[in-house]
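Enquirer: Let me begin by handing over the structure; questions about it come next.
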Amino acid sequence: MAETLDGAVDAFLQHALLERGLARNSVDAYGRDLSRFVAHAEAAGVHRVSELRREHVTGFLAGLEARGLGARSRARALVALRRFLRFEEIDGALEGDPLEGLHAPRSAQPLPRVLRPDETEALLRAIDLQTPLGLRDRAMLEVLYGAGLRVSELVGLPLSGLDARAGLVRVVGKGGKERIVPLGDAALRAVEGYLSQARAALLRGRRAQTLFVTRRGGAMTRQNFFERLRALARRAGIDPTRVSPHVLRHAFATDLLDGGADLRSVQEMLGHADLSTTQVYTHVSRTRLHDLVDRRHPRGRGRAR
């Protein structure tokens, strides 16, 4: 059993990484938050887990707020603390839970930016399909919008991850979790066109494991795809600051819900661990409906005389 706070934190982080299988980025974030907490506790004369009391936790969180950290950052620190202290309680180093009844700070959750369906179509029409790069970009946009992938999942999608006959892609998402997402006919046609007419021309005899490749034969980078997407937005007459790979992921989710898809199915396709993360798109969908009424209904603001 670790005696010092530092030793206890190290043991918890090793447990989270090796035994619970949390992603390295998550464990690193826990480590940063817990290092701040250890510094705060030691400044208060606490050096062992058994000496921790509720006031040490509340004082730490109050200090974060005083330093100007937002509610989301403070909530994340509280999650790290809660998991760490629960680990120590199970290990027998701590009696009771100093966090019992303590709630996470609430923050206003901004609605994700989305494109209207006609704007997404304008993006697709702006692509020059007479070149291998254009065929690749069309396929990438169709898969991004048609499957709601994260940009890292899109550029890293292996050739073996595509099952064109079954009409699906096999994606490895956050934390190494695999999910299967169906592709619609438009995306499948675009990928088929890219594979039959463009990929070999870009590779020029080289080999690559990723589905989408550059003219140098390597995998696309997130930044490269982001810049190409912004250039397409300018060509389509859309403000490029409104367009990003994540905005198209948002559009995928919102358009599905507008079309009557159930929330659980959308959650599964997006790879969200928590349903509440997906629920924000229901608010976007309602906002879009209000906007439609305002613009199109005779009594809406946009049609008022």
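Enquirer: Among the residues of region 45-62 satisfying the criterion of being within 25 Å of residue 19 (Cβ to Cβ) and surrounded by fewer than 17 Cβ atoms within 10 Å (Cβ to Cβ), which is modelled with the highest pLDDT?
Expert: Looking at residues that are within 25 Å of residue 19 (Cβ to Cβ) and surrounded by fewer than 17 Cβ atoms within 10 Å (Cβ to Cβ), I get 48.
Enquirer: Now for a different question. So residue 201 fits all but one of (1) surrounded by fewer than 16 Cβ atoms within 10 Å (Cβ to Cβ); (2) part of a helix (DSSP H, G or I); (3) without any contact (Cβ under 8 Å) to a residue 60 or more places away in the chain; (4) in contact with a helix residue (DSSP H, G or I) (Cβ under 7 Å, 6 or more places away or on another chain); what number is the exception?
Expert: All conditions pass for residue 201, except number (3).
Enquirer: Examine region 186-198 for a residue that is modelled with pLDDT of 90 or more, closer than 20 Å to residue 219 by Cα, more than 17 Å from the chain's Cα centre (by Cα) and in a strand (DSSP E or B), and state whether such a residue exists.
Expert: Looking for residues that are modelled with pLDDT of 90 or more, closer than 20 Å to residue 219 by Cα, more than 17 Å from the chain's Cα centre (by Cα) and in a strand (DSSP E or B), one finds none in region 186-198, hence no.
Enquirer: I'd like to know if region 135-145 contains one or more residues that are among the hydroxyl-bearing types (Ser, Thr, Tyr), modelled with pLDDT under 95, crowded, with 21+ Cβ neighbours inside 10 Å and not in a loop (DSSP other than H, G, I, E, B).
Expert: yes
Enquirer: Would you say residue 112 is assigned to a loop (DSSP other than H, G, I, E, B), modelled with pLDDT under 95 and within 22 Å of residue 270 (Cα to Cα)?
Expert: The answer is yes for residue 112.
Enquirer: Which residues, taken from region 63-73, are surrounded by 13 or more Cβ atoms within 10 Å (Cβ to Cβ) and in a helix (DSSP H, G or I)?
Expert: Scanning region 63-73 gives 63, 64, 65, 71, 72, 73.
Enquirer: How many residues are assigned to a loop (DSSP other than H, G, I, E, B), out of contact with any Leu (no Cβ under 7 Å at 6 or more places or on another chain) and crowded, with 16+ Cβ neighbours inside 10 Å when one looks only at region 74-99?
Expert: Final tally of qualifying residues: 1.
Enquirer: Conditions: (1) in contact (Cβ under 8 Å) with a residue 24 or more places away in the chain; (2) assigned to a loop (DSSP other than H, G, I, E, B). Residue 58 meets all but one. Number of the miss?
Expert: (2)
Enquirer: Among the residues of region 181-200, are any in the same structural domain as residue 148 (by TED's automatic domain parsing) and within 15 Å of residue 150 (Cβ to Cβ)? First the steps, then the outcome.
Expert: In the first step, residues of region 181-200 are kept if they are in the same structural domain as residue 148 (by TED's automatic domain parsing); the result is 181-200.
When the remaining residues are screened for being within 15 Å of residue 150 (Cβ to Cβ), the result is 181.
Within region 181-200 (the criterion being in the same structural domain as residue 148 (by TED's automatic domain parsing) and within 15 Å of residue 150 (Cβ to Cβ)), the answer is yes, since at least one residue qualifies.
Enquirer: Against the condition at positive phi and surrounded by 19 or more Cβ atoms within 10 Å (Cβ to Cβ), how does residue 148 come out, does it pass?
Expert: Values: at positive phi: yes; surrounded by 19 or more Cβ atoms within 10 Å (Cβ to Cβ): yes.
For residue 148, the condition - at positive phi and surrounded by 19 or more Cβ atoms within 10 Å (Cβ to Cβ) - is met.
Enquirer: Okay, next question. For residues that are of a type in the set (Asp, Glu) and either in contact with a strand residue (DSSP E or B) (Cβ under 8 Å, 6 or more places away or on another chain) or in contact (Cβ under 8 Å) with a residue 24 or more places away in the chain (or both), tally how many sit in region 66-97.
Expert: Summing the residues that are of a type in the set (Asp, Glu) and either in contact with a strand residue (DSSP E or B) (Cβ under 8 Å, 6 or more places away or on another chain) or in contact (Cβ under 8 Å) with a residue 24 or more places away in the chain (or both) in region 66-97 gives 3.
Enquirer: Can you find even one residue in region 9-22 that is surrounded by 16 or more Cβ atoms within 10 Å (Cβ to Cβ), without any contact (Cβ under 8 Å) to a residue 40 or more places away in the chain and among the charged types (D, E, K, R)?
Expert: Within region 9-22 (the criterion being surrounded by 16 or more Cβ atoms within 10 Å (Cβ to Cβ), without any contact (Cβ under 8 Å) to a residue 40 or more places away in the chain and among the charged types (D, E, K, R)), the answer is no, since none of the residues qualifies.
The values are calculated or read from the model by the stated rules, or taken from the named source; none is laboratory data. Quick caveat: nothing in here was measured; it's all calculated off a predicted structure. Using ideal geometry, Cβ is built from the backbone for each residue, glycine included, and neighbour counts are taken over all protein chains shown.
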